[in-house]
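Participant: Handing you a structure now.
The values are calculated or read from the model by the stated rules, or taken from the named source; none is laboratory data. In this text, all values refer to a predicted model and were calculated from it rather than measured experimentally. Don't worry about glycine lacking a Cβ; one is built from the backbone with ideal geometry, like all the others, and counts go over all protein chains shown. Surface areas here come from the heavy atoms of the whole protein model, side chains and all, with no ligands, DNA or RNA. Shrake-Rupley method; radii C 1.70, N 1.55, O 1.52, S 1.80 Å.
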Amino acid sequence: MTTNYMLKMICILFSLFLLYPLGATALEPISAEKLGALPQIRSVKISPDGKKLLMLKNVDGEIKLITRLLDGSKSLDNTITAQKGQFNWAEWTSNDHLIASYRYIKGKGGGDKRTVRLERRLQSMTWDGQKIINPVRSTNNRGVFDQVFIEQPQIQDTVIDLLKDDPDHILLQLDKENDKKYAVYKVNIHTKKRTRILRPKRNVDWWIADHNHVVRYGEGVKSFYKGEKIRRRGYYRTSAKDDWTQLFDYDEVTEERPFYFAGFTKEPNVIYVKATDNETDKLSLFTYDVVDKKILDKISGHADFDIDSVFTDDDGKLEFHTYYDERPRYSHYQDDGIKLAEAIEEQFPFMTYSIINKSKDKRKVIVYVTAPQYPGRFYLYNLDEKKWTVVGQTYPQLKNQQLTKMEQIEYIARDGLKISGYLSRPIGSEDQQLPMIVMPHGGPQSRDTWRFDYWVQFLASRGYAVLQMNFRGSLGYGEEFRELGNQEWGGKMLDDINDATKWAINRGFADPNRICIGGASYGGYAALQAVVKDASLYKCSISFAPVTDLNTFLDSLKDAVGYQSYIDYVQSDELSYNDISPIKNIDHLNVPVLLMHGTDDANVPVVQSRYFYKKMKDAGKNISYIEFENGDHSLSDQNYRVQFLKEIETFLKKYL
């Protein structure tokens, strides 16, 4: 261990002691405006030559694309606006040109019959915001005298290859006719001209190109709409001249997935895959023979956690993979990556990081660093100079604010299953029984992680402890753990949540008379239905964008690909849809409820809340309902996010 590292550790520990002194008294709550603001910077990318930056920046609640020089000059930033809606992401296609994705909501109809869907588009432009075009044409040219206007494809930003050696083109997956048939096109980002290089293949909705820019892997689902089954199929070819070979074909509900594609190797007949390790039951990294269709060698894995994402370089060599234990982790394969990780971890101990991108010569790297008490910052690291430079902060307004830490916890559910989660307590209150907010995550096939969370920090700064748990069905703990969530949407998942609450009471963390449950999406559903299952635990409920009626919600998905798979995932032999729908169990909801929903929610229709609110009011229940006009499922409107926090604060002051 170097002397510099030891000194850095001592300084950090001393700073933490000053920041969180023993016996600390209650701190001034952090305002909703500060915590509810959208991140000021949400992405930073360096150009291939290392001389320019692009970033997505929050400007008065609107996401703008900003570009700037890195030559030390005082030249003004270039500010670029999305053609419609908000930017999603942006990428350099050369040193002087870039493409970006933007999204917006498209609505149809009115009132309770209004339907909405999320549209995604591409925007091509020079680095200074000139020559802006959408490279996807809007007409179907069937002939000079037969130019027929067709509805725009809903998703137009599925870039599968930036073609780094060809700055004028990209490879784009596109459902040109809106018929769920996905072809791959080589698109000129300057002229809009495109050439189809791969015809649609039945049931394939996800194509992947190798490091030589050849599309060689695809997968998708085959739906049987009469309810018999839904099957996922994967296809592979060794070169552009070869035929496609089917690698797997399995029932998504009743059969285990053979593997997840993880990358191409240098050998045309061998690929990287993530598959369940029979010894650990966790997703590990293997090589796979596509000719004999069998697992070859295990490359790496972890005894208690799944490998998450796998990254290869432009030459097809493994770079690193990510996984989660109590926090996100990187595991590197190449010497330069190991040295980079050592430099990051020495500079930022107690933090977690993400490598965003690198210059072409790999000597300049954009690194994102964060922790629960440290809202994210983007750094430019110059490997030659060993110099770190801040190039963007997500929440600069919180620079001098004291934020709470996130502690990993474990408890045993009623059937003996071990569940992991996180406990966040107000600064200086570690030895007290606290008013607590139990906060299950959305998904439900998702997970909570060790990170900065504006909702958690808002609650903790007001004296509330926050309990989060990765109930059965959550990701990252092995396929068996994930599959334990099948058909438990309204069953054992909710038991796990209520068992976490009982654990917090028994351990003395929570005041049993001051516990509220709150969440969004599936978490919002759980905030209602967990009360139905055990009303004795909670004094109130906060629910954003919940499913309240499984019958009508699932019916709204009947035309979606994978509908039957979702049905099989939710339905249970033991519990009917009525049993697990809050709207059908209002008699058991006898605590105050705060309900909020956006009118343009493309994930959960707003009528799920409207009908629930009406039925609750008709039954004389204590419920407040806030509707965000044109609001979406992610609270991506800054003003609504601030209002959301203020409504929660007022509600909790009254009922907790």
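Participant: Can you give the accessible area of M439, probe radius 1.4 Å, in Å² rounded to 10?
Facilitator: Spelled out: M439, probe radius 1.4 Å, area about 10 Å².
Participant: First select every other residue whose beta carbon is under 11 angstrom from the beta carbon of K405; then total the charges, Lys and Arg +1, Asp and Glu -1.
Facilitator: -1
Participant: With an 8 Å cut-off on Cα pairs and a minimum separation of 6 or more residues, tell me the relative contact order of the chain in percent.
Facilitator: 10
Participant: Sticking with this one: Can you find, among N470, Q487, H633, the residue farthest towards the positive end of the dipole of the chain? Put +1 on the C-beta of Lys and Arg, -1 on that of Asp and Glu.
Facilitator: Toward the positive end, the furthest listed residue is H633.
Participant: Could you point to the residue in L171, L537, N513 farthest towards the positive end of the chain's charge dipole, with +1 and -1 charges on the Cβ of Lys/Arg and Asp/Glu respectively?
Facilitator: Towards the positive end, the residue furthest out is L171.
Participant: Something else: Can you compute the modelled spin-label distance between K362 and D618, with each label point 7 Å from Cα toward Cβ, in nm?
Facilitator: 6.5
Participant: Follow-up. Just to confirm, what accessible area per residue do you get for the chain at 1.4 Å probe, in whole Å²?
Facilitator: Each residue of the chain exposes 46 Å² on average to a 1.4 Å probe.
Participant: I've got another one for you. Can you send over the carbon and sulfur percentage of the accessible area for region 535-628, probe radius 1.4 Å, protein chains only?
Facilitator: Carbon-and-sulfur percentage of accessible area, whole number: 45.
Participant: Could you tell me which trypsin sites (Lys or Arg not before Pro) in region 463-511 are loop residues by DSSP with no more than 12 other beta carbons within 10 angstrom of their beta carbon?
Facilitator: The qualifying sites are R507.
Participant: Projected area of the chain, taken from the Cα convex hull and averaged over every viewing direction, in nm²?
Facilitator: Computed as one quarter of the Cα hull surface, the answer is 30.9 nm².
Participant: Using a 1.4 Å probe on the protein chains only, how many percent of the accessible area of region 397-493 belongs to carbon and sulfur?
Facilitator: Exposed carbon and sulfur together represent 40 percent of the surface.
Participant: With every protein chain kept in the model, how would you rank H213, H441 by accessible area, 1.4 Å probe, largest at the top?
Facilitator: Ranked from most to least accessible, the order is H213, H441.
Participant: Please say if region 254-324 is rounded, prolate or oblate, where rounded means a/c under 1.5 for a ≥ b ≥ c the square roots of the C-alpha gyration tensor eigenvalues, and otherwise the choice is prolate for a/b larger than b/c and oblate otherwise?
Facilitator: Here region 254-324 falls in the oblate category.
Participant: Leaving out ligands, DNA and RNA but keeping every protein chain, what accessible area does L163 have, in Å² rounded to the nearest 10, with a 1.4 Å probe?
Facilitator: Counting only protein heavy atoms, L163 exposes about 10 Å² to solvent.
Participant: Is there a quick way to get the dipole size of region 238-319? I mean about its Cα centre, with the Cβ of Lys and Arg at +1 and of Asp and Glu at -1; what is the value in debye to the nearest 20?
Facilitator: 240
Participant: For K646 and A303, calculate 0.36 nm times their separation in residues minus their Cα-Cα distance, and state this gained length in nm to one decimal.
Facilitator: The K646-A303 span can extend by a further 119.2 nm.
Participant: Shifting gears a bit: With contacts defined as alpha carbon pairs under 8 Å and 6 or more residues apart, what's the relative contact order of region 500-656 in percent?
Facilitator: 23
Participant: Here's another thing I want to ask about it. Rounded, prolate or oblate for region 394-436? Axes are the square roots of the Cα gyration tensor eigenvalues, ordered a ≥ b ≥ c, and the cut-off for rounded is a/c under 1.5.
Facilitator: Oblate.
Participant: Ignoring any ligand, DNA or RNA, what whole percent of the accessible area of region 183-258 comes from carbon and sulfur when the probe is 1.4 angstrom?
Facilitator: 43
Participant: How much FRET efficiency would the formula 1/(1 + (r/R0)^6) give for D251 and D431, where r is the Cβ-Cβ distance and R0 is 51 Å, rounded to 0.05?
Facilitator: 0.50
Participant: In debye to the nearest 20, how big a dipole does the chain give about its Cα centre with +1 on each Lys and Arg Cβ and -1 on each Asp and Glu Cβ?
Facilitator: Dipole about the Cα centre, nearest 20: 1920 debye.
Participant: If you don't mind, there's one more thing I want to ask. Starting from the residue with the highest accessible area, list W206, W244 in decreasing order, probe 1.4 Å.
Facilitator: Result, largest first: W206, W244.
Participant: Heavy atoms only, 1.4 Å probe, whole protein assembly: order T79, T67 by accessible area, highest first.
Facilitator: The residues order as T79, T67, largest area first.
Participant: Mind checking which of L589, N603, Y563 is farthest towards the positive end of region 551-617's charge dipole, using Cβ charges of +1 (Lys, Arg) and -1 (Asp, Glu) about the Cα centre?
Facilitator: So the residue furthest toward the plus end is L589.
Participant: Please report the antiparallel percentage of DSSP beta bridges with both residues in region 400-534, rounded to the nearest 5.
Facilitator: Here the antiparallel bridges make up roughly 60 percent for region 400-534.
Participant: Evaluate the charge dipole of region 436-498 about its Cα centre and quote only its size in Debye, nearest 20, assuming +1 on the Cβ of each Lys and Arg and -1 on the Cβ of each Asp and Glu.
Facilitator: 260
Participant: Heavy atoms of the protein only, probe of 1.4 Å, neighbouring chains included. What is the accessible area of K614 in Å², nearest 10?
Facilitator: Solvent-accessible area, nearest 10 Å²: 120 Å².
Participant: Report relative contact order for region 166-246 in percent, whole number only (criteria: Cα-Cα under 8 Å, sequence separation at least 6).
Facilitator: This gives 18 percent for region 166-246.
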